[in-house]
Structure formats: structure tokens, C-alpha cells
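Single-structure report; data block below.
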Amino acid sequence: MRWLIGLLCSAAFASDQDALLLADETSTESVASRDWFLSIEGAWGRAYLDKGYENTQRRSVDFRLDTQLSTDWRVVLADRLDGFGPSWKTPESKVNTLKEAYLSWQPAADMALDFGRINTRYGVGLGYNPSDFFKEGAVRSVVSVAPASLRENRQGSVMLRGQKLWSGGALTALFSPKLANEADPEAFSLDWGASNPRDRYLLALSQNGDISSQFLLFGDTETQPQLGLNLTGLLNDATVLHAELSTAKEGGRFYRLASGLTWTSESKLSLGFEYQYDGGAKNAAEWRALQAGPLQNYWRYRSDVQSRQSMLTQQATMVYARWPDLIPQLELAAMWRHDLIDKSDMAWAEVRYHFKAVDIAWEFQLNRGGALTQYGALPEKRSSTLLLKYFF
């Protein structure tokens, strides 16, 4: 059990070590593994609306290359193409996401310098990450509401990143320049306006221990510097506590928080709970006023918040469960989100069976609430999807 808990703690700060291939962290399996990954996926489903239903289809191609060019140089390339509807023919039916494309130079075993498009991810929250400062505008195509999918299947930002490691800790410094003013929805656009809308910088200091910690300083050309803090620690052999906090000053200083715990059984069943708070989102009175006002203002607010991957209202909770080996090769996952301001809910569940080169999965999603609540306003009231994924 301790190995699993330790893995959860160390994974919380993995973003600081993405570019470092240290010999003492390389397992036998990773040495023997390929340096490329390719999968194709098909999804067929039915979404139930207020009036009737509609059939849904999706086709996806996901590719990743992570290989050494020489002893000191490494290249990473990751791209995903999603097609929606019955064909690829119309422009709006497909979306390509260049997730990563960068070079990494490792002049020493404990140092790395990276340049290019990098999907840098921060935060220890299960479903809300207030210290993930580069999530704004990153998602071009939503293929699942699962938090892991939203963090993985997004475009990175063009940046220069330097990293220094020592025993149990890491220091990261990065700069991401402005490349364009507006996002570009074209299918094969590199979308510089979404990934690099302004000059941004970030410093992150991480240290592992009984309580693993990470301190972040983030700034850009439009807002005051923001601070971030991530903490994880063991409550006992089976339970990990986590807390993620960030500050912002936009018309007044406020805080964002995600805090909770994850309990893992000997049979690998994990149950997690998280409380989420965003001081910059709408409180109960502001949310009611927005719902009662012009609809264009309501939907404009929702669109803006969605692009920033932030919270619509100030308070929410999330419960998450995952059982990777209920029986060999069978994995279960489920999530329930509850808005504490308008009392609406979203439930999601997945059953996935892993064959040698194929995954078969079934997903179900339910959105419940009043007409203009966070989840009740979504057009799909419930949906069911069958997925088939082939790994080359």
C-alpha cells in the first residue's frame, strides 16, 4: 500500500520533472518500452435532450513521440485529431490539437532546458486546479468530462523552460511569449492566440517529504502576480490529503481552493472527495442576478469561464471513484459534481475493459438541475456512449 500512496504524492508534482530522464527513476519496463504511441478511437452514442434525442459519433487519432536524438537531446511531439459527426468532410466536423512539440537539452543529469509547445500542468486537485495557470484556452476539443482527459488532451503553450533537480526537490522557471491576439477556431490552426495570448512567466519550487509542497509564482502582462501552493501528505497508510491554493487580484484580492482526500484500499479501489472554492466566481446573489438578466450575458459568462476552465459559481464539491482491477483488465471509474450554489449535479461513469491492443468502454453522463443552473442549462440531459480504442 505504501508504494501506491507514495506514487500519488510524487505524481502531484510531475510537471517539474517532465524533461528529465534520470537513471535512478527509470524502471525496467520504461527502458523496454517504445518511444512512440499511436491509437485510433471510435465512439458511438445517443444524447437525450429536452425534446427527443440525437445520435453522436466521434473518430480520433492520437499520436505521441518522445525519443532521444542523442545523449543530451530529446524531442517530444504529441498531436490529436478529433472528428465529430458522420464524416470528416465539413470544416466544423474536425478539430486538430497540437498538444506538444518541443526540444529538450539535458546538459547534466540534474538539469534540462526545453523550448517549444509544452503542455505544462500543475496542481494536486482531483477535479479543479487553481494553480494550473496555463489551462486557459488550452482545450480545443472536449472528448470526455473526466479530469484526466481534460488535462491531457489540450494544447500546450510555446515557452522556454529551465529545470534544476536535487534530491527530493526541483526548481522550474519558464517564460511564454505573446504570439497572437485572438483564438483561431479553424480545424488545423496552431491557435497561437489561445495558447500564447500574452507574455507570461512562472517559477515553481517543489520539495518532497512527509508533506510534499510546491510554491508557484505566476505573472503576465495583464494581471498582478499570482501565488500558488500545492500540498500533499499522508493521513495514514491508505489516505492522502491534498490542498491546492492560488491567489489573484482582479478588482480586489481573492482566493481559489481545492482541498480533499483520497482513500485507497488493498484491492486498489480509490475513493476521493474534494471541496472547491473560487472567490472570483459568482456568489449566490450574483448568480441569481445573472440568471434573471439578459440571456446573452448569461451565455457570454459561461463561454468565458469555460475557456478559462474555471468555476461558474463560488462553491462546489466532487466525489471520484476508480477501481483499476475489479477483475483482471476491467476498470471502473465514476464522478459526481455538485454545485453548492444552485444545487445542480453532473454524474459520469465509465466501464473499460483492456485487451492486449484494444480497449472497449462504455460511458454514461447525467446532467440535472433547473433551466439556467450550471448543469441543468446544458442541452444534453443524459448521454450514453460506446467507445472502441485500438493501440498500435
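Quick check: anything in segment 316-335 in a loop (DSSP other than H, G, I, E, B) and surrounded by 13 or more Cβ atoms within 10 Å (Cβ to Cβ)? Among the residues of segment 316-335, at least one is in a loop (DSSP other than H, G, I, E, B) and surrounded by 13 or more Cβ atoms within 10 Å (Cβ to Cβ), which makes the answer yes. Residue count for segment 170-187, restricted to those that are surrounded by fewer than 18 Cβ atoms within 10 Å (Cβ to Cβ), under 14 Å from ARG200 (Cα atoms) and touching a residue at least 40 places away in the same chain (Cβ under 8 Å): 1. When segment 342-392 is limited to residues that are of a type in the set (Val, Ile, Thr) and in a strand (DSSP E or B), the one that is farthest from PRO147 (Cα to Cα) turns out to be VAL358.
Would segment 279-294 turn up any residue that is in a strand (DSSP E or B) and in contact with a Ser or Thr (Cβ under 6 Å, 6 or more places away or on another chain)? Scanning segment 279-294, I find at least one residue that is in a strand (DSSP E or B) and in contact with a Ser or Thr (Cβ under 6 Å, 6 or more places away or on another chain), so the answer is yes. Among residues of segment 27-50 that are within 15 Å of GLU380 (Cβ to Cβ) and of a type in the set (D, E, K, R), none has a Cβ under 6 angstrom from a residue that is part of a strand (DSSP E or B) and at pLDDT below 85 at a sequence gap of 6+ or on a separate chain.
Looking at LEU312, is it of a type in the set (A, V, I, L, M, F, W, C), under 30 Å from ASN196 (Cβ atoms), modelled with pLDDT of 95 or more and out of contact with any Gly (no Cβ under 6 Å at 6 or more places or on another chain)? In short, yes. For segment 235-287: of the residues being buried (at least 19 other Cβ atoms within 10 Å of the Cβ) and among the aromatic types (Phe, Trp, Tyr), which is nearest to ALA204 (Cα to Cα)? Per the stated criteria, the residue is TYR277. Name the residues in segment 342-365 that are in contact with a Ser or Thr (Cβ under 8 Å, 6 or more places away or on another chain) and surrounded by fewer than 19 Cβ atoms within 10 Å (Cβ to Cβ), would you? Across segment 342-365, the qualifying residues are LYS343, TRP362, PHE364. Put simply, of LEU234, LEU179 the only residue that is out of contact with any Ser or Thr (no Cβ under 7 Å at 6 or more places or on another chain) and either part of a helix (DSSP H, G or I) or closer than 22 Å to ASP114 by Cβ (or both) is LEU179.
The values are calculated or read from the model by the stated rules, or taken from the named source; none is laboratory data. These figures come from a predicted structure and were not determined experimentally. No Cβ is skipped: glycine too gets one built from the backbone with ideal geometry, and neighbour counts run over all protein chains shown.
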